[in-house]
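Before any comments, here is the structure.
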Ligand code: NA7
């Protein structure tokens, strides 16, 4: 077992996805610190390294789904499609790692298994699964929000004679579906992307749906040379646009209520948004996520579309039997999702009505006793979101306080960035920050820059420790709750935003729903006031 003792580092960053790469660049190249990234994967890319399932694609448009901090970096890359596919994003992140010469400070195949704060030395000691240890003043988690796979505990999985895979741990050699009976469990954003592609090669595909879901066509297409030129020439305008919207997207939410227009006009606006495609559908009216009656107009429109597209009435009923407001769960976008159910080789099973009882050596059995013979099971069952990747690192702070103990009742922190009892630990896009409710690179850049400025401030003022004060956490948790409850977001019983997809996980609405613009202002103001609400010590 390799045993590397690395002392004298200023900072350890965990994860080499969008967050970790930029954090390394800022610490090393802007502040001149010695920093090391520990990455569990065998390559950089984070989410885009692991999620290689068929159809994996970003739901944010490519020109907004990239770093904006460097004009040169931005102009040196050209996206090929409206929504970049996994392989293209992974190439992009490798391009960034090379352009910024980051690889020499990234240790791959290094999954962090524990991190412990040593108060007398004011150091974090970090151990990886291979037994290597590293110590540094600052520990920064860049582990992503959706990186701990949720594989449901269904009895009998170990007995399954075929192949099973989770979309977030997709084999690098790929999965050959040809001639195979495939079952996909899950109809979240991932299942909705994967199902149409798997259906094209699998002999037969059975979709096991527990909660019917909305989806809007992505209307993906190659980018035209004109649009590519526009992007190349408008770095600043695009960056400013993503920084001016609540969700970090390069499009604004229309400033009109559903009830400002007639039902006929509304129908036309929804139809135009459907044809335009993508997450912009949500931007048609400002009150879709605020008012249930307003939301129902969008929900009804999409349900009617499902019934128009899907030819078999029973299947259409199942797909359109959606029990939550539109976009109260993360709204998927798709390419031919509902159309796929018109294929002769695709069938839908409602596992809310007849839950999965067991996996058998030859397939899957539902509670009504029906057996579904399967060669391959695809778990598109999501993630232990936001807290999962942090808790599995076994983080121990001051006086033996564990993060798992501190968060027994759900995540509590200040600004989504720091937890009392864990000095000099920063969590990029942690729970309590806008993160998953935004276009992620925008939230990531804001956090990385805030953390970098904070560390620069500490060094300039000879400050050895920064730690959230408990009373600041209380206030922030209250703000997070208030922001969520001003929307329809908490009004769905089975959302991963609430931790409801993981048995036993506390039901707490995790991301900050007050919008990126407001959040950026709050963080900036706190920093300007000398890091108000944090305890700083020499
Ligand atoms: P999601 O959105 O959590 O979707 C997971 C799906 O798997 C969802 O339909 C779940 O049904 C279903 N699921 C989970 N466990 C089970 C069991 N035990 N039985 C049947 N069905 C189950 O994950 P995704 O990977 O699609 O998307 C995650 C995010 O990645 C996405 O929002 C984007 O931000 C990118 P449920 O709804 O819980 O009833």
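Each reported figure results from applying straightforward, stated rules to the coordinates on display, with no laboratory input. All values reported here derive from a predicted model rather than from experimental measurement. Neighbour counts are summed over all protein chains in view; Cβ atoms, including those assigned to glycine, are modelled from backbone coordinates with ideal geometry.
Working ranking of peptides 369-376, 138-145, 241-248 by packing, defined as the average number of other Cβ atoms within 10 Å per residue, highest first, is 138-145, 241-248, 369-376. Can you give me the P(r) profile for the range 157-379? Cα pairs, bins 5 angstrom wide beginning at 0, each as a whole percent. Per 5 Å bin, starting at zero, the Cα-Cα P(r) for the range 157-379 comes out as 1, 6, 12, 16, 16, 14, 12, 10, 7, 4, 2, 0, 0 percent.
Spatially, the range 378-420 and the range 93-149 are offset by 16 Å when compared through their Cα centroids.
Report note on the peptides 334-342, 106-114, 151-159: ranked by the mean count of other C-beta atoms within 10 Å, highest first, their order is 334-342, 106-114, 151-159. DSSP assigns beta bridges within the chain; of those with both partners inside it, close to 40 percent run antiparallel. Can you bin the range 189-319 into rounded, prolate or oblate? Criterion: square roots of the alpha carbon gyration tensor eigenvalues sorted a ≥ b ≥ c, rounded for a/c under 1.5, prolate for a/b above b/c, oblate for the rest. It comes out oblate by the Cα gyration axes.
For the Cα atoms of the chain, what angle does the longest principal axis make with the long axis of helix 235-244, in degrees from 0 to 90, nearest 10? Helix 235-244 sits roughly 80 degrees off the main axis of the chain. With a/c under 1.5 counting as rounded, go ahead and sort the range 423-471 into rounded, prolate or oblate using the C-alpha gyration tensor (a ≥ b ≥ c being the square roots of the eigenvalues; past the cut-off, prolate if a/b is larger than b/c, else oblate). Oblate shape, in that a/c is at least 1.5 and b/c is the bigger or equal ratio.
Alpha-carbon geometry of the chain: the Rg and the Dmax are 23.3, 70 Å, given in that order. Working note: 222 nm ellipticity from helices only, DSSP H runs with n ≥ 4, each -39,500 (n - 2.57), summed and divided by the residues of the chain, gives -9000 deg cm²/dmol to the nearest 500.
In a fully extended conformation the segment linking residue 401 and residue 268 would gain 42.2 nm over its present Cα-Cα distance, using 0.36 nm per residue. Spatially, the range 190-263 and the range 456-477 are offset by 37 Å when compared through their Cα centroids.
The relative contact order of the chain comes to 19 percent, based on Cα pairs under 8 Å that sit 6 or more residues apart.
Stretched out straight at 0.36 nm per residue, the stretch from residue 517 to residue 536 would grow longer than its current Cα-Cα span by 4.2 nm. Placing pseudo-labels 7 Å out from each Cα toward the beta carbon at residue 72 and residue 317 gives an inter-label distance of 6.3 nm. For the chain, the longest principal axis of the C-alpha atoms and the axis of helix 86-99 are separated by about 20°. Mean silhouette area of the range 289-436, derived from the convex hull of its C-alpha atoms and averaged over all directions, reads 13.1 nm². Where a ≥ b ≥ c are the square roots of the eigenvalues of the C-alpha gyration tensor, would you call the range 164-204 rounded, which needs a/c under 1.5, or, failing that, prolate if a/b is larger than b/c, or oblate? Oblate is the answer for the range 164-204, as a/c is 1.5 or above yet b/c matches or exceeds a/b.
Each peptide in 270-279, 55-64, 308-317, 196-205 gets a packing score, the mean of other Cβ atoms within 10 Å over its residues, and the list from highest to lowest is 55-64, 196-205, 270-279, 308-317.
Would you kindly state how much longer the chain becomes between residue 296 and residue 368 on full extension, computed as 0.36 nm times their sequence separation minus their alpha carbon distance, in nm to one decimal?
22.6 nm
Take every DSSP beta bridge whose two residues both sit in the range 157-379; close to 30 percent of them are antiparallel.
The C-alpha atoms of the chain define a longest principal axis, and helix 440-460 lies at about 10 degrees to it. Here the range 21-174 was treated as a single set of alpha-carbon atoms; its pair distances binned every 10 Å from 0 give 9, 32, 33, 19, 7, 1 percent. From least to most packed, judged by other beta carbons within 10 angstrom and beginning with the fewest, 177, 227, 134 follow the order 227, 177, 134.
For the pair residue 244 and residue 462, label points projected 7 Å from Cα toward Cβ lie 4.5 nm apart.
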